[in-house]
Amino acid sequence: MKKFFYRKQKYSIDPNGVVTKKSFSNIALIKYWGKKKNKIQIPLNSSISYSLVDVYTVTRLIYHLKKRKERNFSVRVFFSGKEKISFIPKILEFFHRISFYCSYLRDFNFVIETENTFPHSSGIASSASSMSALALCIMEIEKKLVSSLKEDFFLKKASFLARLGSGSACRSIYPGLVVWGGHKSIKGSNNLYAIPYPYQVHPIFTKMVDTILVIDEDPKEISSSKGHQLMNYNPYAKERLKCANKNMERLISILKVGDLQDFGELIEHEALSLHAMIMTSHPYFLWMKPNTLNVLYKVWDFRKQSRKNIYFTLDAGANVHLLYPIQEKKFIMKLIYNDLFSYCKKIIESFCI
Ligand code: DP6
């Protein structure tokens, strides 16, 4: 597979240029949690997410051919117009990881200019949208260098590269429902790149909304990358793996028949399982804040009383994603503004398409 993404052509080098790409954030329904030991960015379990089409990163990658050949990568990064030296180590690590597949990266001086549509200090993970936008930009350069490059290969390799930047980023290459990680019941699923969910989906699941309640804007004390490592020593890791695989199996039939209640129960269980893993790791940690719990209890109460289909999922942090079908949006927005707004710092809304 390594060789599949390796290209050893003579490139006709375009000396200077700029490429611009946009990429979505995503919210996982079945969570990627834990990586295989001694492997680079290989997940313990397969995951599936919705791409959030209104929450995205736009990246411009400016390239200039180096005057003299040298081995080092040359890159500067600007975020919302400001130079970010602190972002460089992560980008350099990414370039090192992908250099075997993109040998041309050493031939250019790069400037990365990037912006998010969502507020910077919102606690929304930007690594998925930013790493996937950068991977798409790199592929756009490869397309200029290799004229025969096909669209299917372009997207597969972009996802393959994005994974090496941040695991969840490989799912952001496609809209809709996207799977990453091999699962025996999902044809074409694999650990190296993501694929669009290949089976029939009931229409109800093609028009879902995600309202993100931003509870905490500060950067997480334990990043998801650190959290993944802790899974290597978690006493419940094996059970989690079994459970994630079963949940994926269940989700396949739920997506087909369109059972919203089962969907809701499944994604809430997944979210709480993810948090249970960090709570039982060494060192242990609690991502939820008091207002996260306040929101979860309110959602459960509201659901009991109204019988509306509103369900939550959580990322590796305190913020709450509320998922519901577009038909129920008007009613649910009332709940959000009347009863939940006081617990949040910000609200961000997106269609899951
Ligand atoms: C809880 O993709 O951020 O959001 O591969 O180390 O960059 P790295 O981790 P990352 O982990 C995401 C974890 C998650 C679940 C998910 O998106 O599937």
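The values are calculated or read from the model by the stated rules, or taken from the named source; none is laboratory data. All of these numbers come straight from a predicted model, not from anything done at the bench. Every residue, glycine as well, gets a Cβ built from its backbone with ideal geometry; the counts of neighbours run over all protein chains shown. Areas reflect the complete protein model, heavy atoms only, side chains present, ligands, DNA and RNA absent. Shrake-Rupley method; radii C 1.70, N 1.55, O 1.52, S 1.80 Å.
Observations
- Top-ranked residue of the range 155-210 - restricted to ones that are within 20 Å of Gly258 (Cα to Cα) and β-branched (Val, Ile, Thr), ranked as most open to solvent (accessible area, probe 1.4 Å): Thr206
- Pairing each residue of the range 164-186 that is farther than 13 Å from Leu136 by Cα and more than 10 Å from the ligand (Cβ to nearest atom) with any residue that is open to solvent by less than 20 Å² (accessible area, probe 1.4 Å) and part of a helix (DSSP H, G or I), provided the two are 6+ apart or on different chains, yields C-beta distances under 8 Å for Leu177/Phe205; Leu177/Leu255; Val178/Arg171; Val178/Ser172; Val179/Arg171; His183/Met248; Ser185/Met248; Ile186/Met248.
- Check on Arg171, closer than 12 Å to Asn26 by Cβ and either of a type outside the set (S, T, N, Q) or assigned to a helix (DSSP H, G or I) (or both): yes
- Number of positions in the range 94-153 that are in a helix (DSSP H, G or I), more than 16 Å from the ligand (Cβ to nearest atom) and not polar (S, T, N, Q): 18
- Leading residue by the ranking (nearest to Lys157 (Cα to Cα)) among those in the range 92-117 that are aromatic (Phe, Trp, Tyr) and surrounded by 13 or more Cβ atoms within 10 Å (Cβ to Cβ): Tyr101
- Pairs linking a residue in the range 280-292 that is without any contact (Cβ under 8 Å) to a residue 40 or more places away in the chain and of a type in the set (A, V, I, L, M, F, W, C) to a residue that is assigned to a loop (DSSP other than H, G, I, E, B) and buried (at least 16 other Cβ atoms within 10 Å of the Cβ), with Cβ atoms under 8 Å and 6 or more positions apart or on different chains, are Met288/Ala318.
For (1) touching a residue at least 12 places away in the same chain (Cβ under 8 Å); (2) not aliphatic (A, V, I, L, M), each residue gets a yes or a no:
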site: His64; (1), (2): yes, yes
site: Val75; (1), (2): yes, no
site: Lys84; (1), (2): no, yes
site: His96; (1), (2): yes, yes
site: Asn109; (1), (2): yes, yes
site: Thr117; (1), (2): yes, yes
site: Ile138; (1), (2): yes, no
site: Ile141; (1), (2): yes, no
site: Lys144; (1), (2): yes, yes
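- Selection over the range 37-91 of residues that are assigned to a loop (DSSP other than H, G, I, E, B) and open to solvent by less than 80 Å² (accessible area, probe 1.4 Å) gives a count of 10.
- Scanning the range 300-353 for residues that are of a type in the set (Lys, Arg) and closer than 10 Å to Leu213 by Cβ, we see that the one that is most open to solvent (accessible area, probe 1.4 Å) is Lys345.
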